[in-house]
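Undergrad: Right, I'll just put the structure down here and ask away after.
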Amino acid sequence: MIGPARMLPHSWLGWSLIWLGFCVLAVLPYLVTPFYVGLVTTAMIAAMLAMSLQLLVGATGLVSLGHGAFYGLAAYVVYLVSPEGAAKPIWMTLPLAMAAAGLAAFIIGAISLRTKGFFFLMVTLAFGQLVYFVFHDTKLGGGTDGAYLAKPLISAFGYAFEPTSLPRSMRAWPAYYVALVQLVAMFALLAFFLRSMFGRVLEGIRVNESRMLALGFNTYAYKLAAFTIAGGLAGAAGHMWAMQSGFVNPELVGWHRSAEALLHILIGGIGTLAGPIVGAFAFIFLNEVAQQITERKLLVEGAVILAAVLMMRNGITGIRWLPNLPDTDPDASHEPREGVMQHSREPAND
Amino acid sequence: MTDAEAHLLRTIALSKSFGGLTAVRDVSLSLARGELHAVIGPNGAGKSTLVNLLSGALPPTSGRILLDGQDVTGLPQHARAHRGLARSFQRTNILASLTVLENVRLAVQAVALAPRRLLARPEGETTLIERAKAALARAGLPYGHSRIAGTLAHGQQRQLEIAMALAAAPKVLLLDEPLAGMGPEEGERIAQLLKSLATEHAVLLIEHDMDFVFSVADRLTVLVEGAVLASGPPENVRTNSAVQAAYLGGHAAHLLRVEPYPAWGIAEASTRRERGADGPEWHGEVDVDPHDHGACPGAGRVGLDRRRGCHRSGHVPDRASRHRLRS
Ligand SMILES: Nc1ncnc2c1ncn2[C@@H]1O[C@H](COP(=O)(O)OP(=O)(O)O)[C@@H](O)[C@H]1O
Ligand SMILES: [Mg+2]
């Protein structure tokens, strides 16, 4: 057997949990107050950013601190193509934002990927801050104060979801559902990549890059492809953030964003694709609870995160809900004595 | 036959320096199709460095490398693999957390997958999988393909290492001490495999075991301190006076086998062959540096097994079995 794609659930139970989660999200606005609709939208956007970063961190073994740059850049692209006045439809802003973020990722990746490990972390951080200062110190996007976007924010094919035309209780719904569709689409796309032979190469690079190089893989090109895709997907998240919040500021680009996304991955689980989603949700709700019960929000937050990371080495999704399901353990089959026996044991499609 | 055909792989005055240390010095050698060319030499002679230069893992300081008549000196490692160069590593270097089959399937994918199929699922690529399985069977791993590579016994990991090199169906195979760490049975199997491989590929074999090398190699190159001491058919090398003086005479011949463990603080060693219960056995006497007994406790008279570590009995199991295997 080749073995399953590591980052995806290895059992029907795992898949059921994921689809159940998406189904719950689909009906959630009917069940909760508008405040929570907005909060969950924020969480879904954070989840998208973290999941795009997971293609680098979890799948390829590349830890980048510059990922926020692509997210923020995409948000600014939304502002730049629709400054005060006419708003542009989403089918125009989304591809533009993703393309800009992807292009930036390609250029920054091409340079940063010449380095490895700690230096890679530092170079991506430096590039991220470079992009930050472009928006912070120039008038391009309103400088330090940021800028407001033209409204309506979500429109497509001539039809505008003008929030003000909806009843007050439903104004947050359009952004919510657009974010949900993108979250599910991004999950499906990343699952597709991870299952493909491209994804298997990334896994090989994560495990032992020098061996992959000796086998004949141009590992630099594969890593650059992953970096570019991840940047483009971070762009989708940044675009959505601009859509939801209606303004942009340099904070979107700074390294805090990248660190937060890394934290979401760490909390949710570095070894799974669903981990960043779970981590982002857990983090944002913890944030909310801490804010409501205490003045010392950051302290509570820090303590809970520390405890979580120390107790769950593989994050929330790394918890084994059931001990060793038959198909979760690829090493379960024992070596038979005769080769003949093996043929009857291994499924034909291995 | 043209020159390029005769010499599938050639090096011209290849050198490599690490700072002040010249690990490979002006090495010119050639490797013909259907030839098994062995490189021997004491530990630190530069054999692995030579393999790293040939495979492209390291850039040479000077000199050139020709593959199939074309200069590949400037080509990166992955591009050389695509030109038909495959290698195995002296220290097992596998994708430890992946399954055995996935290790070898990736080796096939690296050179045989059309780029447009890259986004397809691997399970559907039966040609790649069949090739991978064939290479595994050939290297002596016909089953247990679902196991995680890192959980295999050391000897099996060595076989996997060879299967990964074979799977690419290369023109030139560079094998860096493939027998190191293998038990006698697998060792014999790999010895047979090497002989059969040499008929289809050009094989560059690095090996410490002199008896083994003399029995399988078509050509031999003796490397000492990075430079070629002698090169030619085994019988010429065996009788070469420089080689005899340096290696094959008296105790020095066996020093070659002891040297890999400078960390043991071995000052001097000798081995001799004795008639054992089931065939010849090698016994060793080793003087261990009195300042460094920690690494090899109970030193004084110890047997040496460079493949498994330090033995306090006077018996060297690997050497003995290798001998049985030959006679
Ligand atoms: N990457 C490296 N950097 C510095 N020195 C090295 C490196 N690789 C090998 N050497 C040195 O080069 C010499 C030859 O090493 P090596 O090629 O491994 O010898 P062999 O394989 O014949 O035992 C040794 O002295 C070793 O310490
Ligand atoms: Mg070596």
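The values are calculated or read from the model by the stated rules, or taken from the named source; none is laboratory data. This structure is a prediction, so every number in the text was calculated from the model and none was measured. Here Cβ is always computed from backbone atoms with ideal geometry, including for glycine, and neighbour counts include all displayed protein chains. What goes into the accessible areas is simple: the full protein's heavy atoms, side chains included, and nothing from ligands, DNA or RNA. Shrake-Rupley method; radii C 1.70, N 1.55, O 1.52, S 1.80 Å.
Undergrad: Does A:Ala99 satisfy the criteria of being in a helix (DSSP H, G or I), in contact with a helix residue (DSSP H, G or I) (Cβ under 6 Å, 6 or more places away or on another chain) and under 22 Å from A:Val178 (Cα atoms)?
TA: On the way: in a helix (DSSP H, G or I): yes; in contact with a helix residue (DSSP H, G or I) (Cβ under 6 Å, 6 or more places away or on another chain): no; under 22 Å from A:Val178 (Cα atoms): yes.
Considered against the rule, which asks whether it is in a helix (DSSP H, G or I), in contact with a helix residue (DSSP H, G or I) (Cβ under 6 Å, 6 or more places away or on another chain) and under 22 Å from A:Val178 (Cα atoms), A:Ala99 comes out as no.
Undergrad: Right, something else. Looking at the stretch A:59-82, I want the residues that are open to solvent by less than 20 Å² (accessible area, probe 1.4 Å) and have a partner that is of a type in the set (Asp, Glu) with Cβ atoms under 7 Å, at least 6 apart or on another chain. Which pairs are those?
TA: From residues that are open to solvent by less than 20 Å² (accessible area, probe 1.4 Å), the pairs are A:Ala59/A:Glu203.
Undergrad: Ok, one more. Being modelled with pLDDT of 85 or more and open to solvent by 40 Å² or more (accessible area, probe 1.4 Å) narrows it down to one of B:Val203, B:Val228, B:Val172, so name that one.
TA: On the way: B:Val203 fails: open to solvent by 40 Å² or more (accessible area, probe 1.4 Å); B:Val172 fails: open to solvent by 40 Å² or more (accessible area, probe 1.4 Å).
None of the others qualify; the one that does is B:Val228.
Undergrad: Still on this structure, please answer the following. State all residues of the stretch B:43-61 that are within 20 Å of B:Arg219 (Cα to Cα), more than 13 Å from the chain's Cα centre (by Cα) and either in a loop (DSSP other than H, G, I, E, B) or within 11 Å of ligand 2 (Cβ to nearest atom) (or both); if no residue qualifies, say none.
TA: B:Ala45
Undergrad: Across the stretch A:258-276, what is the number of residues that are of a type in the set (Val, Ile, Thr) and open to solvent by 20 Å² or more (accessible area, probe 1.4 Å)?
TA: Narrowing the stretch A:258-276 to residues of a type in the set (Val, Ile, Thr): A:265, A:267, A:270, A:272.
Filter again for open to solvent by 20 Å² or more (accessible area, probe 1.4 Å), leaving A:270, A:272.
Residues flagged as of a type in the set (Val, Ile, Thr) and open to solvent by 20 Å² or more (accessible area, probe 1.4 Å) within the stretch A:258-276 amount to 2.
Let's see how each residue does on (1) within 18 Å of B:Lys133 (Cα to Cα); (2) within 16 Å of ligand 1 (Cβ to nearest atom):
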{"position": "B:Leu50", "(1), (2)": "no, yes"}
{"position": "B:Leu53", "(1), (2)": "no, yes"}
{"position": "B:Arg80", "(1), (2)": "no, no"}
{"position": "B:Gly84", "(1), (2)": "no, no"}
{"position": "B:Arg87", "(1), (2)": "no, yes"}
{"position": "B:Ile94", "(1), (2)": "yes, no"}
{"position": "B:Arg105", "(1), (2)": "yes, no"}
{"position": "B:Ala112", "(1), (2)": "yes, no"}
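Undergrad: Restricting the stretch B:82-104 to residues that are in contact with a strand residue (DSSP E or B) (Cβ under 8 Å, 6 or more places away or on another chain) and at the interface with chain A (Cβ under 7 Å from one of its Cβ atoms), which is most open to solvent (accessible area, probe 1.4 Å)?
TA: B:Ser97
Undergrad: Could we say that B:Leu29 is within 17 Å of B:Leu85 (Cβ to Cβ), modelled with pLDDT under 95, buried (at least 20 other Cβ atoms within 10 Å of the Cβ) and more than 10 Å from ligand 2 (Cβ to nearest atom) here? Can you show your working first?
TA: Numbers: within 17 Å of B:Leu85 (Cβ to Cβ): yes; modelled with pLDDT under 95: yes; buried (at least 20 other Cβ atoms within 10 Å of the Cβ): yes; more than 10 Å from ligand 2 (Cβ to nearest atom): yes.
Answer is yes for this residue.
Undergrad: Follow-up. Would it be correct to say that B:Glu186 is assigned by TED's automatic domain parsing to the domain that holds B:Ala45, open to solvent by 30 Å² or more (accessible area, probe 1.4 Å) and more than 16 Å from ligand 1 (Cβ to nearest atom)? Before the answer, list the steps.
TA: Details: assigned by TED's automatic domain parsing to the domain that holds B:Ala45: yes; open to solvent by 30 Å² or more (accessible area, probe 1.4 Å): yes; more than 16 Å from ligand 1 (Cβ to nearest atom): yes.
Here the answer is yes, as B:Glu186 does meet what is asked.
Undergrad: Then there's this: Looking only at the stretch A:1-50, filter to residues that are outside any helix (DSSP H, G or I) and away from chain B (no Cβ under 14 Å); which one of those is most open to solvent (accessible area, probe 1.4 Å)? Steps first, please.
TA: Going through the stretch A:1-50, the residues outside any helix (DSSP H, G or I) turn out to be A:1-11, A:32-33.
Keeping just the survivors that are away from chain B (no Cβ under 14 Å) gives A:9, A:11, A:32-33.
Working: A:Pro9: 35, A:Ser11: 12, A:Val32: 50, A:Thr33: 73 Å².
So, considering only residues that are outside any helix (DSSP H, G or I) and away from chain B (no Cβ under 14 Å), the one most open to solvent (accessible area, probe 1.4 Å) is A:Thr33.
Undergrad: Scan B:Ala135, B:Ala45 and give me the residue that is more than 16 Å from ligand 1 (Cβ to nearest atom) and small (Gly, Ala, Ser). Give the derivation first.
TA: Values: B:Ala45 fails: more than 16 Å from ligand 1 (Cβ to nearest atom).
Testing whether each residue is more than 16 Å from ligand 1 (Cβ to nearest atom) and small (Gly, Ala, Ser) leaves just B:Ala135.
Undergrad: Next question. Right, B:Thr99: of a type outside the set (Lys, Arg) and away from ligand 2 (no atom under 16 Å from the Cβ) or not? If you could, list the steps in order and put the result at the bottom.
TA: On the way: of a type outside the set (Lys, Arg): yes; away from ligand 2 (no atom under 16 Å from the Cβ): yes.
Yes; evaluated as a whole, the condition is true for this residue.
Undergrad: Next question. How many residues does the stretch B:206-225 hold that are at pLDDT 80 or above, open to solvent by 10 Å² or more (accessible area, probe 1.4 Å) and assigned to a helix (DSSP H, G or I)?
TA: 3
Undergrad: Something else: Checking B:Leu174 against (1) within 16 Å of ligand 1 (Cβ to nearest atom); (2) away from chain A (no Cβ under 13 Å); (3) not in a loop (DSSP other than H, G, I, E, B), which single condition isn't satisfied?
TA: Of (1) within 16 Å of ligand 1 (Cβ to nearest atom); (2) away from chain A (no Cβ under 13 Å); (3) not in a loop (DSSP other than H, G, I, E, B), only one is false for B:Leu174: (2).
Undergrad: Continuing with this model, one more query. Could you give every pair whose Cβ atoms fall below 8 Å, whose first residue belongs to the stretch B:69-87 and is within 13 Å of B:Val111 (Cβ to Cβ), and whose second residue is surrounded by fewer than 17 Cβ atoms within 10 Å (Cβ to Cβ), counting only separations of at least 6 or pairs across chains?
TA: Pairs found: B:Arg83/B:Gln70.
Undergrad: Could I ask something else about it? Checking B:Leu160 against (1) part of a loop (DSSP other than H, G, I, E, B); (2) within 14 Å of another protein chain (Cβ to nearest Cβ), which test does it fail?
TA: Status for B:Leu160: all satisfied but (1).
Undergrad: Considering B:Ala134, B:Ala79, B:Ala110, which residue is at the interface with chain A (Cβ under 9 Å from one of its Cβ atoms), assigned to a helix (DSSP H, G or I) and out of contact with any helix residue (DSSP H, G or I) (no Cβ under 7 Å at 6 or more places or on another chain)?
TA: B:Ala79
Undergrad: Let me ask something else about it. So, in the stretch B:137-151, of the ones that are surrounded by 21 or more Cβ atoms within 10 Å (Cβ to Cβ) and not charged (D, E, K, R), which residue ends up farthest from the other protein chains (Cβ to nearest Cβ)? Even if it seems obvious, please write down each step before you answer.
TA: Our first condition is that a residue be surrounded by 21 or more Cβ atoms within 10 Å (Cβ to Cβ); within the stretch B:137-151, this holds for B:139-141, B:143, B:145-147, B:149.
Within this subset, residues satisfying the condition of being not charged (D, E, K, R) are B:139-141, B:143, B:145-146, B:149.
Values: B:Ala139: 14, B:Gly140: 11, B:Leu141: 10, B:Tyr143: 4, B:His145: 7, B:Ser146: 4, B:Ala149: 9 Å.
Here the answer is B:Ala139.
Undergrad: Moving on. Tell me which residues, restricted to the stretch B:82-95, are more than 16 Å from ligand 2 (Cβ to nearest atom), in a loop (DSSP other than H, G, I, E, B) and either of a type in the set (Ser, Thr, Tyr) or within 13 Å of B:Leu173 (Cα to Cα) (or both). Reasoning before the result, please.
TA: Taking the stretch B:82-95 as the starting set, the residues that turn out to be more than 16 Å from ligand 2 (Cβ to nearest atom) are B:82-86, B:94-95.
Now restrict to residues that are in a loop (DSSP other than H, G, I, E, B): B:83-84, B:94-95.
If the condition is that a residue be more than 16 Å from ligand 2 (Cβ to nearest atom), in a loop (DSSP other than H, G, I, E, B) and either of a type in the set (Ser, Thr, Tyr) or within 13 Å of B:Leu173 (Cα to Cα) (or both), then B:Arg83, B:Gly84 are the ones that fit.
Undergrad: Any idea how many residues of the stretch B:105-132 are closer than 16 Å to A:Phe198 by Cβ and open to solvent by 50 Å² or more (accessible area, probe 1.4 Å)?
TA: The qualifying residues number 7.
Undergrad: Do the conditions hold for B:Ala13, that is, is it within 11 Å of chain A (Cβ to nearest Cβ), away from ligand 1 (no atom under 16 Å from the Cβ) and surrounded by fewer than 22 Cβ atoms within 10 Å (Cβ to Cβ)?
TA: On the way: within 11 Å of chain A (Cβ to nearest Cβ): no; away from ligand 1 (no atom under 16 Å from the Cβ): yes; surrounded by fewer than 22 Cβ atoms within 10 Å (Cβ to Cβ): yes.
No: the conditions fail for B:Ala13.
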